[in-house]
Amino acid sequence: MKLQAKLIIAALGLGALPLVQASDFEDFGRVVKVRPLVEQVNRPRQECRTEYVQVPVQQQAQPQGRSAGGAILGGIAGAIIGNQVGGGNGRTAATAAGAIAGAMVGDRVDNDGRQAPPPPAQMQEQAVRQCRTVDNWEQRTTGYEVTYDYRGRSYTSVMSHDPGQRVRLRVSVEPMQ
């Protein structure tokens, strides 16, 4: 390439340099104040405890054997008494009714004393778990309100983190029209 062409290209490059300015750039501002933004959140939780209590336990009564002797003797006595009443077919009916009634009364008299009283209730310890829901309020930081100074002017912005003493800024420059 000739020297003259090189000089023309260099002159055009230097002439276009002011037109190739960045429209935005990074700079730093001085942090003046940081205030955490806090909200209260309820996270209910379960509180449980186990208590040991005494509870009565009823035991099954053992059945005792029943006797048929009272029913037999009662039936005989009832038949004899029923036979003394009435005459003819009425006497036969009275004898049968007396035998049945006597058997029932004799069985009751003989076996009523045989039923043992239920054994006393025994106490047994049993674990009982009791739970309840209680409020559990927590404070949660959701962001930071940051006030900073840039070139003599004060700005405020909400940020997700505490920037420290300086805040990094993106400065954008646009021509006015």
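The values are calculated or read from the model by the stated rules, or taken from the named source; none is laboratory data. It should be emphasised that the depicted structure is a prediction, and the values quoted were computed from it without experimental measurement. We place every Cβ from the backbone using ideal geometry, glycine too, and count neighbours over all the protein chains shown.
Residue check: A96 meets all listed conditions (1) assigned to a loop (DSSP other than H, G, I, E, B); (2) outside the structural domain of D27 (by TED's automatic domain parsing); (3) not basic (K, R) but one, namely (1). The single condition from (1) touching a residue at least 12 places away in the same chain (Cβ under 8 Å); (2) part of a strand (DSSP E or B) that T156 fails is (1).
Among the residues of segment 86-95, is any surrounded by fewer than 13 Cβ atoms within 10 Å (Cβ to Cβ) and under 30 Å from R43 (Cα atoms)? Looking for residues that are surrounded by fewer than 13 Cβ atoms within 10 Å (Cβ to Cβ) and under 30 Å from R43 (Cα atoms), one finds none in segment 86-95, hence no.
Of everything listed in (1) modelled with pLDDT of 85 or more; (2) assigned to a loop (DSSP other than H, G, I, E, B), the single unmet condition for P119 is (1).
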